[in-house]
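Student: Take a look at this one; I'll ask things after.
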Number of protein chains: 2
Amino acid sequence: MQLKTPYLLFLGDAPDALAAKVAKGIRDWRPQFAVGQLRMDGCQADLGLTDMTVAEAAAAGAGTLVVGVANRGGIISDSWVSVLDSALESGMELAAGLHNRLADVPALAQKAAQKGLALHDVRHPTQTFSVANGKKRSGKRLLPVGTDCSCGKMYTALALEKALLERQRKATFRATGQTGILISGAGVSVDAVIADFIAGAVEWLTPDNDDDHWDIIEGQGSLYHASFAGVTAGLIHGAQPDALVLCHEPTRTHMRGLPDYPVPDMEDVMKLSLQMARLTNPKARFAGISVNTANLDDDAADEFLFETGKRFGLPVVDPVRTGVDAIVDQLDA
Amino acid sequence: MQLKTPYLLFLGDAPDALAAKVAKGIRDWRPQFAVGQLRMDGCQADLGLTDMTVAEAAAAGAGTLVVGVANRGGIISDSWVSVLDSALESGMELAAGLHNRLADVPALAQKAAQKGLALHDVRHPTQTFSVANGKKRSGKRLLPVGTDCSCGKMYTALALEKALLERQRKATFRATGQTGILISGAGVSVDAVIADFIAGAVEWLTPDNDDDHWDIIEGQGSLYHASFAGVTAGLIHGAQPDALVLCHEPTRTHMRGLPDYPVPDMEDVMKLSLQMARLTNPKARFAGISVNTANLDDDAADEFLFETGKRFGLPVVDPVRTGVDAIVDQLDA
């Protein structure tokens, strides 16, 4: 899965700014990929990019129209199809990370075939993978692991990649979910591969590399999430991480989607993650903790970061409030 | 996935007895399902069942021809197609657990459609599952977990089901792999579902039941297997096991398929399995240990079982040498 850059970011009829979070992620983390935005009538999101028609984006060299918006239900809206069709007509490919597939919309499938253009349904891997072989690979790898789903693992990984690159270090963000794939233009939705190949897909995604190169792998789920721990376990084994970063959201009262399951203690998650990681990389260790303190005020956030650092003797950051430099300092060159 | 019984067991051109192990499993564990065997010229396997032509099996009421043989490569041989086709012609459904699909053989797909008969490719689940919800279900569940793959988990589960039924207890073997599905006529190949739905598929497979009913769930892989631990983790969480049984093969020198990975200590596997299991069932405990001592002589086997029992203070059995009664004694009514 490799998307043609740059992108026209399609915001459709987004009901609010939050609905356009995929497009926002691209603008924030890969601004060089975002040639412009396309907003339909009634769109309530605005990324502050140049508004473009399909024709203007094509003239500006856009290689792919990326569906950067999710409506309720996460499916492709009928009202979008004529715009998507015109993008194909203009020679752009399409990419989306929604539940239904671009390829299952007959008008789009037909037009894409006729024009010889790809439809990238990044939530649905089409390639096949090998079973993981567990062999040590060259280069270094970092994997965020979470106390829960959706607690900042992708954001932390992207921030770490950016900080490493700013120091002229070799680093590559490796996307394992649909938003990460759309942002970075490549990757594998590991939760959508066949169960036998979770670890194998991650081995494929993070191949041998320079000894001083860091793959910064997007984390998924949590070993303590009763729905998704299998994905997390395979991801940890396939990643063979040299460094782990714990991600945590301190105000959450229960696991996402599971009201009866409390959020585990950070220490328990670190112990179990380290035990799993050391099966395929005996040198795995924690390089730091990344806390999403968005729901805390400044004083409470400062105190939480300070107390957590004292408790674990590790750098503790919030990528938004503090940046991630304290963790990058821990990563061997 | 529910197969029509009884079966005609197709042994094809099996090069040796081992190649017919699926058929042997059906004969051993569900003899009432095996109406006869069909052997082609050169077949080197013999289950001691009545040899039947397709016509004879159809007359005897066979509902499904089960491909009970695996050739090198694990695919459907061209030389089998005319026999399989004639089974469809006679009104039987087909079932196989091979790498390629019956449904992908054009002649069979066409004939099945024409006759309105199902082709059961049990390695390839076609149904969709929900994400696991982690909610406690009624009834009791037992799950074997292994130090490695292929160390006796299916055999142990089938032996436990049989022993419970012989005591007039309520029990159901729940298959999670292709051989188990073909033997029991139902189940889900959990290693072949989409990664996000591993635990959800197991929740579906083992629904609410009578309080004194035991689901005996077929185990898969190992938490210490670098290729497949994700499947095992999701299986443990979805199973919500009340009882675990450790399965072990004491002469193995490395993990199956991974020459660089030693077999873990039994105690480590028990600790990690229990920790994972207690996320979704805090009452999970080990009910015993099942050792495959086929590669040990009588004295060495006796000694291993005795020493292991002393070490862990649990019933330790070999289902073949000793039976599994000592474990069944541990299962609450």
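The values are calculated or read from the model by the stated rules, or taken from the named source; none is laboratory data. This structure is a prediction, so every number in the text was calculated from the model and none was measured. Ideal geometry is used to build each Cβ from the backbone, glycine not excepted, and the neighbour counts take in all protein chains shown. Note: areas computed on protein heavy atoms with side chains; ligands, DNA, RNA excluded. Shrake-Rupley method; radii C 1.70, N 1.55, O 1.52, S 1.80 Å.
Student: From the list A:226, A:233, which one is open to solvent by less than 20 Å² (accessible area, probe 1.4 Å) and in a helix (DSSP H, G or I)?
Tutor: Selected residue: A:233, the only one of A:226, A:233 that is open to solvent by less than 20 Å² (accessible area, probe 1.4 Å) and in a helix (DSSP H, G or I).
Student: Now, a different point. Criterion first (within 14 Å of chain A (Cβ to nearest Cβ), outside any helix (DSSP H, G or I) and in contact with a helix residue (DSSP H, G or I) (Cβ under 7 Å, 6 or more places away or on another chain)) does residue B:171 satisfy it?
Tutor: Against the criterion (within 14 Å of chain A (Cβ to nearest Cβ), outside any helix (DSSP H, G or I) and in contact with a helix residue (DSSP H, G or I) (Cβ under 7 Å, 6 or more places away or on another chain)), residue B:171 does not qualify.
Student: Kindly indicate which of B:105, B:35 is over 21 Å from residue B:175 (Cα atoms) and over 24 Å from the mean Cα position of the chain (by Cα).
Tutor: One residue alone meets the criteria, B:105.
Student: Output the residue which, of all residues in segment A:130-145 that are in contact with a helix residue (DSSP H, G or I) (Cβ under 7 Å, 6 or more places away or on another chain) and more than 8 Å from chain B (Cβ to nearest Cβ), is farthest from residue A:248 (Cα to Cα).
Tutor: So, considering only residues that are in contact with a helix residue (DSSP H, G or I) (Cβ under 7 Å, 6 or more places away or on another chain) and more than 8 Å from chain B (Cβ to nearest Cβ), the one farthest from residue A:248 (Cα to Cα) is A:130.
Student: While we're on this one: If residue A:251 meets every condition in (1) closer than 18 Å to residue B:235 by Cβ; (2) more than 8 Å from chain B (Cβ to nearest Cβ); (3) polar (S, T, N, Q) apart from one, which number is that one?
Tutor: Of (1) closer than 18 Å to residue B:235 by Cβ; (2) more than 8 Å from chain B (Cβ to nearest Cβ); (3) polar (S, T, N, Q), only one is false for residue A:251: (1).
Student: Then there's this: Considering segment A:158-201 alone, what residues qualify as being out of contact with any strand residue (DSSP E or B) (no Cβ under 6 Å at 6 or more places or on another chain), of a type in the set (Ser, Thr, Tyr) and over 20 Å from residue A:10 (Cβ atoms)?
Tutor: Scanning segment A:158-201 gives a single hit, A:176.
Student: Give segment B:287-317 a look and list any residue that's open to solvent by 10 Å² or more (accessible area, probe 1.4 Å), assigned to a loop (DSSP other than H, G, I, E, B) and either touching a residue at least 24 places away in the same chain (Cβ under 8 Å) or β-branched (Val, Ile, Thr) (or both), or say none.
Tutor: Correct list: B:292, B:294, B:295, B:296, B:314, B:315.
Student: Among the candidates A:199, A:192, single out the residue that is within 11 Å of another protein chain (Cβ to nearest Cβ) and farther than 21 Å from residue A:276 by Cβ.
Tutor: Of A:199, A:192, the one residue that is within 11 Å of another protein chain (Cβ to nearest Cβ) and farther than 21 Å from residue A:276 by Cβ is A:192.
Student: Here is a further query. Looking only at residues in segment A:202-242 that are of a type in the set (A, V, I, L, M) and facing chain B (nearest Cβ under 9 Å), which one is nearest to residue A:131 (Cα to Cα)?
Tutor: A:235
Student: Closer than 30 Å to residue B:263 by Cβ, open to solvent by 10 Å² or more (accessible area, probe 1.4 Å) and at pLDDT 95 or above: is that true of residue A:267 in this structure?
Tutor: yes
Student: Looking at B:258, B:274, which one is facing chain A (nearest Cβ under 9 Å) and without any contact (Cβ under 8 Å) to a residue 60 or more places away in the chain?
Tutor: The match here is B:258.
Student: Let me ask you something else. Do you know which of the residues in segment A:185-199 that are farther than 30 Å from residue A:65 by Cα and open to solvent by less than 20 Å² (accessible area, probe 1.4 Å) is nearest to the chain's Cα centre (by Cα)?
Tutor: By that ranking, first place goes to A:199.
Student: Also: Touching an Asp or Glu at 6+ places or on another chain (Cβ under 6 Å) and either of a type outside the set (S, T, N, Q) or assigned to a strand (DSSP E or B) (or both): is that true of residue B:238 in this structure?
Tutor: The answer is yes for residue B:238.
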